[in-house]
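> The structure is given below, and queries will be raised subsequently.
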Amino acid sequence: MEKRMIFVTSPPACGKTRLSKKLATELRHVVYLDKDTLIPLSKQIFAVAHQPYNRSSEFFEKEIRDYEYDVILDLAFEALRYEDLVMVNAPFTQEIRDDAYIAQLRAKLAQAGAKLTVVWIVTDPEVCHRRMIDRNSDRDTWKLANWEEYLSTVNFTIPENLRDPDDPSSLILYYNSTDEQSAESFENLMKHFEKYD
């Protein structure tokens with residue numbers, strides 16, 4: 001069976017966790033990893049550094065962010081040694097648009113006999129705004145208080161650079177602004193993974 005590392009990714013509050021957990025429930029031979037699991041460790045770093053908890057701050061970007069991604073990917077590669085599918089739920093906001101990063105990741109996956117699939121969630125920014133308000137999480141406090149400034153830093157465009165013409169499952173789009181869209185998109189998404197059923 002072909003091994004795959006699956007990134008379920010998008011800007012915050014587009015529906016990554018809901019989709020990835022539903023997908024992980026439907027698939028077999030899958031390990032599910034959520035980068036948010038690392039948040040308690042990150043909060044402790046903020047605390048011991050006497051910094052306000054702000055995941056949009058310069059401190060977070062410099063001292064925490066990249067380490068979270070390094071750790072979740074180390075865990076994903078470890079899991080890939082034992083299972084066919086490893087799903088990572090994380091924004092990867094910078095990484096997915098960095099061609100050199102993606103090329104290096106694909107090369108490392110090839111050495112492990114695996115390929116990369118990115119499931120990109122397409123969601124209207126205002127829908128994300130409402131969902132962020134509804135989920136009422138402290139990780140969004142700064143974002144909601146400074147919505148226009150935050151929005152100017154987020155790229156909602158589809159990362160077409162991820163599409164590999166030789167691999168139909170390299171980039172899969174999941175539309176999630178309405179319940180009707182998400183139901184149809186999930187059906188299409190599962191067709192890509194029928195071989196793992």
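The values are calculated or read from the model by the stated rules, or taken from the named source; none is laboratory data. These figures come from a predicted structure and were not determined experimentally. Cβ: placed from backbone, ideal geometry, glycine included. Neighbour counts: every protein chain shown.
> Consider SER169 carefully, then state whether it is in a loop (DSSP other than H, G, I, E, B), at pLDDT below 95, crowded, with 16+ Cβ neighbours inside 10 Å and touching a His at 6+ places or on another chain (Cβ under 8 Å). Full working, then the answer.
Values: in a loop (DSSP other than H, G, I, E, B): yes; at pLDDT below 95: yes; crowded, with 16+ Cβ neighbours inside 10 Å: yes; touching a His at 6+ places or on another chain (Cβ under 8 Å): yes.
Taking the combined requirement at face value, the residue satisfies it.
> Quick one: count up the residues across region 92-112 that are touching a residue at least 60 places away in the same chain (Cβ under 8 Å), not in a helix (DSSP H, G or I) and not aliphatic (A, V, I, L, M).
2
> Of these, LYS22, LYS43, which one is more than 30 Å from GLN181 (Cα to Cα) and among the charged types (D, E, K, R)?
LYS43
> State which residue pairs qualify: first residue farther than 11 Å from PRO11 by Cα and inside region 143-157, second residue of a type in the set (Ser, Thr, Tyr) and part of a helix (DSSP H, G or I) in any location, beta carbons under 7 Å apart, and separation of 6 or more residues or different chains.
Matching pairs, first to second residue: LYS143/TYR150.
> Inside region 1-91, counting only strands (runs of 3 or more DSSP E) that do not spill past its ends, which hold 1 or more residues that are at pLDDT below 95 and charged (D, E, K, R)?
3-9
> What number of residues within region 1-49 satisfy the criterion of being of a type outside the set (S, T, N, Q) and over 23 Å from TYR82 (Cα atoms)? Reasoning before the result, please.
The first filter runs over region 1-49 and keeps only residues of a type outside the set (S, T, N, Q), leaving 1-8, 11-16, 18-19, 21-24, 26-36, 38-41, 43, 45-49.
Keeping just the survivors that are over 23 Å from TYR82 (Cα atoms) gives 11-16, 18-19, 39-41, 43, 45-49.
Matching residues across region 1-49 total 17.
> Of the conditions (1) surrounded by 14 or more Cβ atoms within 10 Å (Cβ to Cβ); (2) small (Gly, Ala, Ser); (3) over 30 Å from GLU184 (Cα atoms), ALA47 satisfies every one except a single condition; which number is it?
(1)
> Right, here's the next one. Which number in (1) closer than 21 Å to LEU189 by Cα; (2) part of a helix (DSSP H, G or I); (3) charged (D, E, K, R) marks the one condition that LYS115 misses?
The one condition LYS115 does not meet is (2).
> Still on this model: What are the residue pairs meeting all of these: first residue in region 52-67, first residue within 12 Å of LYS143 (Cα to Cα), second residue at pLDDT 95 or above and not in a helix (DSSP H, G or I), Cβ atoms under 8 Å, and 6 or more apart or on different chains?
Listed by first residue and then by second, the contacts come to SER57/GLN51.
> Could you tell me how many of the residues in region 45-81 are hydroxyl-bearing (Ser, Thr, Tyr) and in contact with a strand residue (DSSP E or B) (Cβ under 8 Å, 6 or more places away or on another chain)?
0
> A follow-up question, please. Starting from region 1-29, take each residue that is in contact (Cβ under 8 Å) with a residue 12 or more places away in the chain and under 21 Å from LEU105 (Cβ atoms) and list its partners that are assigned to a helix (DSSP H, G or I) and among the β-branched types (Val, Ile, Thr), counting only C-beta distances under 7 angstrom and pairs at least six apart or across chains.
Pairs found: THR9/ILE96.
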